[in-house]
1. Kindly indicate which of VAL181, VAL177 is modelled with pLDDT of 95 or more, hydrophobic (A, V, I, L, M, F, W, C) and touching a Leu at 6+ places or on another chain (Cβ under 6 Å).
2. Scan region 636-654 residue by residue and report those that are farther than 15 Å from LEU669 by Cβ and either modelled with pLDDT of 95 or more or of a type in the set (S, T, N, Q) (or both).
3. Filter region 44-84 down to the residues that are in a loop (DSSP other than H, G, I, E, B), touching a Lys or Arg at 6+ places or on another chain (Cβ under 7 Å) and modelled with pLDDT under 95, then identify the one that is farthest from GLU210 (Cα to Cα).
4. If you take the residues in region 474-503 that are among the acidic types (Asp, Glu) and assigned to a loop (DSSP other than H, G, I, E, B), which one is surrounded by the most Cβ atoms within 10 Å (Cβ to Cβ)?
5. Evaluate the following for THR556: is it surrounded by fewer than 18 Cβ atoms within 10 Å (Cβ to Cβ), free of Cβ contacts under 8 Å to residues at least 60 places away in the same chain and farther than 20 Å from ALA52 by Cα?
6. Which one is surrounded by the most Cβ atoms within 10 Å (Cβ to Cβ) among residues in region 157-191 that are free of Cβ contacts under 8 Å to residues at least 40 places away in the same chain and within 29 Å of the chain's Cα centre (by Cα)?
7. Can you find, within region 665-701, the residue that is nearest to the chain's Cα centre (by Cα) among those that are modelled with pLDDT under 95 and closer than 23 Å to VAL247 by Cα?
8. Identify all residues within region 85-100 that are polar (S, T, N, Q) and either part of a strand (DSSP E or B) or farther than 24 Å from LYS513 by Cβ (or both); write none if there are none.
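The values are calculated or read from the model by the stated rules, or taken from the named source; none is laboratory data. As the structure is a computational prediction, the values presented were derived from the model and not from experiment. Here the Cβ positions follow ideal geometry from the backbone for every residue, glycine too, while neighbour counts run over all protein chains shown.
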Amino acid sequence: MRSIKLSYLASTAICLTALSNPTYAQVDDEIVTTGTRQAYQGNFIPLEAPQANQTIDSETLEISGALNLDQALDLSASVSRQNNFGGLWNSFSIRGFSGDINLPSGFLVNGFNAGRGFGGPRDLAGVESVDVLKGPRSALFGRGEPGGTINLVTKRPQFETGGYLKGTIGSWDQYRVEGDVQTSVGENNDLGVRLVGFYEDAESFRKGVETKKLGFYPSFTLNLSDTATITYEFEYTDQENPFDRGVVYNETFGFSSRDVFVGEPVPIETEVLGHQLEAEFDLNDNWSLLTGLGFRETTLEGDAFEPQFGSRQTYRLDGQTISRFFRTRDYGSDYLVLRGEMSGEFNTGQLRHRIIFGADYDEFDNTLSIERYRTRFPAGGDLTDSGLIATHLLLDVTNPVYGVNLNPVPGPNTNRNEVLKGTGLYFQDQIDMTDKLQIRIGGRFDDFEQDLINLRAVPAITITSNDSRFSPQVGAVYSVNDGLSLYGSYGEGFRLQTGQDFQGNQFDPNITKSLEGGIKAELGQFYDAVTGSVSLTLFQVDQSNFLVNDDRPEATAVGFFSIPAGKAQSTGVEFDANVEFESDVKLWVSYAYTDAEFKNSFADADGFGFTIDAGDPLINTPKHQLNIQAAKGLELGSMPAQLGGGLLYVGKRNGFVGSDFTLPDYTTLRVFGEIQPVKNISFRLDIDNLFNETFYTNSFADVWVGPGTPRSFRISMAYNF
């Protein structure tokens, strides 16, 4: 994997990104937007789907100014940020539920499981749109996260010629260049080529934090005939980020300064090398075959200095000195996904059936190697003693001095390899019972195997286990008229869990049961001057079998272990609207009320000694979350322009499971303006956090709290052709 040289890819990306985003220049009336087929979701209009899907399309992403997946997902009130592993991966919950805290949140890329692994936080370069698919999706997509699924739709060839080149400068020495070029070649222009790339070098409001990112995403589509196409996509991303656990909190001294980085400015490097190959065949007017392969290799390597917990944390003594421990990591993963699917329709008497059925195979090979250096601060120790500062990796946050004792000698902590293999068979049938009523039935059977190898043991110990699951789904849609429908659905899903109990047995999967119902409307059917959609949803999600501390005597007698016995429930209301007015005003509204709480009492599984009581809230899940975005197209003189902005409100949240530590609520505002002084050239100014709000986006504990970015700006220039 490392044989691909960074310098070669950088020069290649810069040379080839001469670029085309058909949705970028919103102020250019000559630009045409083309659609993208949604793989593995069937042929249904939004009013026919008995689920609360939310598509953040390319225009909405452009208006928001989002550069990465976290910023894109902020547009959906159903999604909450979770602990992001020091900024090294994406972690989120949907409807209150997240996945394994020790792995990135899973997401799909063009319908393929691809989010697991260690490739770093996802940049939006190369992404056309983001789907928020709420509720369990095991029937079609297999093993996913409990509250829903995120699907990234990438930029693929559209058999057009054009491009854009965009440069950005911003606060804290941010420099970014990105681009997208596409064309078609061949005797009949039957080969579409699209090349997307970006490079970014930026410092941060956190002194000592600097990131470097490079991505290159070429894709090729070959039209074999009028009824057959093959598409290949390549993904390469290389990132360098210091490990940043955020700020530290104490009841007496409050939060440490958001400007002071409490780690060390030593980079952790993440890399991803991915491939997707898809073939689509229209067999006749009613039936098609879609098959594909995805393979991703990821790595994460480097050192980290992280704030200590509990009695080891000296910030509690003086509000000035933060004690840290040291870890060095070497992570790697290989992820293989194979899919094959038939879809089509037929009639049985007066009933119309739209069928999807298929099979897939997943293989996730995950290796974690960690070494750690950690000490307990001696009672009565002198915090100003230089020897203790070196020995205990202390940092004075009022006058931080970095680079002291950067080479502590760590001892073994974790060294394991896990291989998960799963084979799935699935089907879905949506039946037109009448011209008003449709029902959906479906299900999925999964058979999976886990090999867990403890590489610390001599000799290494391998534990192999097997299991199988069936995940059903049912739903109904009633069409009130051409622009309004009512729906309800029930579905089940599961997520495999890493590790084993004190007897060496694999944990049972985490089980999710979801019930929802709502109303959807297409406004263009009612008002000539308005287009777009709105939806209102009620939901309940029940989760069982998540890991808690095993406090049974037979388990505690041999060590610290977990058991799959936790239960939780999330209920709520969601309102989403994406509307465009005849006056060239675009409005996006997303609101969610989410009441997510534990349903039984138990000791937490992380070893902090807390008892979680029934009724305690889930971590990082606000009851109220709201995002509003608006943009207005206009002319300044003869120059096309666009003005707009957005508001994000996030309510208060639990910040440390089992404790009363709470992250405060916050509201941030952003504004932007874009103008096209001459044809094909546009300028844009973004100002984020306009009123310089101090806020915190997520936490794992009171010593690992993610601070939000202060007021910042970006100025961009784009050349479109």
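1. On the way: VAL177 fails: touching a Leu at 6+ places or on another chain (Cβ under 6 Å).
Matching residue, one of VAL181, VAL177: VAL181.
2. Our first condition is that a residue be farther than 15 Å from LEU669 by Cβ; within region 636-654, this holds for 636-642, 651-654.
Once the filter is applied, which keeps residues that are farther than 15 Å from LEU669 by Cβ and either modelled with pLDDT of 95 or more or of a type in the set (S, T, N, Q) (or both), region 636-654 yields SER638, MET639, PRO640, ALA641, GLN642, GLY651, LYS652, ARG653, ASN654.
3. Checked region 44-84; the qualifying residue farthest from GLU210 (Cα to Cα) is PRO50.
4. Going through region 474-503, the residues among the acidic types (Asp, Glu) turn out to be 482, 492, 501.
Then keep just the ones that are assigned to a loop (DSSP other than H, G, I, E, B); that gives 482, 501.
On the way: ASP482: 11, ASP501: 17.
Once the filter is applied, the top-ranked residue is ASP501.
5. Values: surrounded by fewer than 18 Cβ atoms within 10 Å (Cβ to Cβ): yes; free of Cβ contacts under 8 Å to residues at least 60 places away in the same chain: yes; farther than 20 Å from ALA52 by Cα: yes.
Spelling it out, THR556 is indeed surrounded by fewer than 18 Cβ atoms within 10 Å (Cβ to Cβ), free of Cβ contacts under 8 Å to residues at least 60 places away in the same chain and farther than 20 Å from ALA52 by Cα.
6. Filtering first and then ranking leaves TYR175.
7. Filtering region 665-701 for residues that are modelled with pLDDT under 95 and closer than 23 Å to VAL247 by Cα, the one nearest to the chain's Cα centre (by Cα) comes out as PHE700.
8. Taking region 85-100 as the starting set, the residues that turn out to be polar (S, T, N, Q) are 90-91, 93, 98.
Selection gives ASN90, SER93.
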